[in-house]
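K.L.:
Can you read through this structure? Questions will come right after.
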Amino acid sequence: MRIFLTLGFFLAALARGTAQVAVELVLEQDQFLRDESLPIKVRVTNRSGQALRLGTEKNWLTFSIESRDGFVVAKLGETAVEGEFSIESSQAAIRQLDLMPYFDLSRPGGYTLTANIRIPQWNEDIASRPKTFDIVRGNQIWEQEFGVPATEGTPEVRKYSLQQANNLKQPKLYVRLTDLSDNKVFRVFPLGRLVSFSRPEAQVDRGSNLHVLFQTGARSFSYSIVNPDGQLIAQQTHDYTSTRPVLRGRGDGSFFVTGGLRRAARDDLPPPAVVTSTNEIKKPKP
């Protein structure tokens, strides 16, 4: 009888600890392309009546991912969320990181993510509710090799690819930047949603920047420039008027949009001071 009573007290104390601290996972989306960043937020809410001290141990926050087929996803490294901090009672704190570099998520399918936090002052571990997400395939519609600009020596060769993900809730166009063999992935990110009948235009200029023009709506187009490091350095919106926006090149190896009319948008990069109908795009000064 004493054993059962002791076990009962232990389970009751554990239940109280779990109720006093809530761990919640927040994902901005539930579908990701292979190698795309997987940003996750962990919200810890303290209702214990005392200040909660976290981050004093290296592995105070850990994650586990399982496929819906039942296998445990292999880790590629240990997640590092460093820095001590306190959460007062009735308050919450958020920590965020990108999980993609730490897990082998190269296989498309459904997955379940769980986070676990260690509370040393209570000698307890508290797990979050599971969060589900999907890794989906992208259809490659264009690719081009290019040399990374260098002042001397043999230039490094990389590859731009455009991929279309149709099995998302909203079709999107992605840029994939890799080495020549496609074994090293520098970055994968969405340029934006696109209509199913869009035929993206892509060109690489003399500075090895990627220019992409694609249709996002019945009469709207998006124009983006990506540099060899995978950074989005310019973005504009253009409308179909009496003519359709198209991507054109100059004799000096640069590119621009002609036709249609540029329209100011909140996601313009850089934000335009004055919008004209010239469709010229000015890159930010270094």
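The values are calculated or read from the model by the stated rules, or taken from the named source; none is laboratory data. Owing to the predicted nature of the structure, the values given are computational and were not obtained by experimental measurement. Methodologically, a virtual Cβ is constructed for each residue, glycine included, from the backbone with ideal geometry; neighbour enumeration extends over all protein chains shown. For accessibility, only protein heavy atoms count, side chains too; no ligands or nucleic acids. Shrake-Rupley method; radii C 1.70, N 1.55, O 1.52, S 1.80 Å.
K.L.:
Does the range 232-242 include one or more residues that are assigned to a loop (DSSP other than H, G, I, E, B) and either open to solvent by less than 40 Å² (accessible area, probe 1.4 Å) or hydrophobic (A, V, I, L, M, F, W, C) (or both)? Outline the logic, then answer.
P.N.:
In the first step, residues of the range 232-242 are kept if they are assigned to a loop (DSSP other than H, G, I, E, B); the result is 240-242.
Imposing the further condition that a residue be either open to solvent by less than 40 Å² (accessible area, probe 1.4 Å) or hydrophobic (A, V, I, L, M, F, W, C) (or both) reduces the set to none.
Within the range 232-242, none of the residues are assigned to a loop (DSSP other than H, G, I, E, B) and either open to solvent by less than 40 Å² (accessible area, probe 1.4 Å) or hydrophobic (A, V, I, L, M, F, W, C) (or both).
K.L.:
Still on this structure: May I ask you to verify whether Arg43 is basic (Lys, Arg) and buried (at least 17 other Cβ atoms within 10 Å of the Cβ)?
P.N.:
Values: basic (Lys, Arg): yes; buried (at least 17 other Cβ atoms within 10 Å of the Cβ): no.
So Arg43 does not fit the description; no.
K.L.:
Of all the residues that make up the range 62-100, how many are open to solvent by 80 Å² or more (accessible area, probe 1.4 Å) and farther than 21 Å from Arg43 by Cβ?
P.N.:
Residues in the range 62-100 being open to solvent by 80 Å² or more (accessible area, probe 1.4 Å) and farther than 21 Å from Arg43 by Cβ: 7 in total.
K.L.:
State whether the residues of the range 134-157 include one that is without any contact (Cβ under 8 Å) to a residue 40 or more places away in the chain and surrounded by 15 or more Cβ atoms within 10 Å (Cβ to Cβ). Steps first, please.
P.N.:
Filtering the range 134-157 down to residues without any contact (Cβ under 8 Å) to a residue 40 or more places away in the chain leaves 139-140, 143, 145, 150-157.
Next, from what is left, pick out any that are surrounded by 15 or more Cβ atoms within 10 Å (Cβ to Cβ): none.
No, the conditions are met nowhere in the range 134-157.
K.L.:
So which strands (runs of 3 or more DSSP E) are wholly in the range 73-183 and hold at least 1 residues that are more than 22 Å from Asp30 (Cα to Cα)? Lay out the reasoning, then the answer.
P.N.:
Working: elements: 85-87, 91-98, 109-119, 124-127, 131-136, 139-147, 157-165, 172-179.
Answer list for the range 73-183: 85-87, 91-98, 109-119, 124-127, 139-147, 157-165, 172-179.
K.L.:
Next up: When both residues are 6+ apart or on different chains and their Cβ atoms are under 8 Å apart, which pairs have a first residue that lies in the range 250-267 and is touching a residue at least 12 places away in the same chain (Cβ under 8 Å), and a second that is open to solvent by 50 Å² or more (accessible area, probe 1.4 Å) and among the aliphatic types (A, V, I, L, M)?
P.N.:
What qualifies is Arg262/Val275; Arg263/Val275; Ala264/Val275.
K.L.:
Here's a follow-up. When you go through (1) under 27 Å from Leu177 (Cα atoms); (2) modelled with pLDDT of 90 or more one by one for Thr45, which number turns out not to apply?
P.N.:
(1)
K.L.:
State yes or no: is Lys131 modelled with pLDDT of 95 or more, within 18 Å of the chain's Cα centre (by Cα) and open to solvent by 30 Å² or more (accessible area, probe 1.4 Å)?
P.N.:
Yes.
K.L.:
Please pick out the residue among Leu210, Leu173 that is under 27 Å from Gly251 (Cβ atoms), open to solvent by less than 70 Å² (accessible area, probe 1.4 Å) and under 22 Å from the mean Cα position of the chain (by Cα).
P.N.:
Result: Leu210 is the single residue among Leu210, Leu173 that is under 27 Å from Gly251 (Cβ atoms), open to solvent by less than 70 Å² (accessible area, probe 1.4 Å) and under 22 Å from the mean Cα position of the chain (by Cα).
K.L.:
So, in the range 53-79, how many residues would count as being touching a Phe, Trp or Tyr at 6+ places or on another chain (Cβ under 9 Å) and either of a type in the set (A, V, I, L, M, F, W, C) or under 29 Å from Ser161 (Cβ atoms) (or both)?
P.N.:
11
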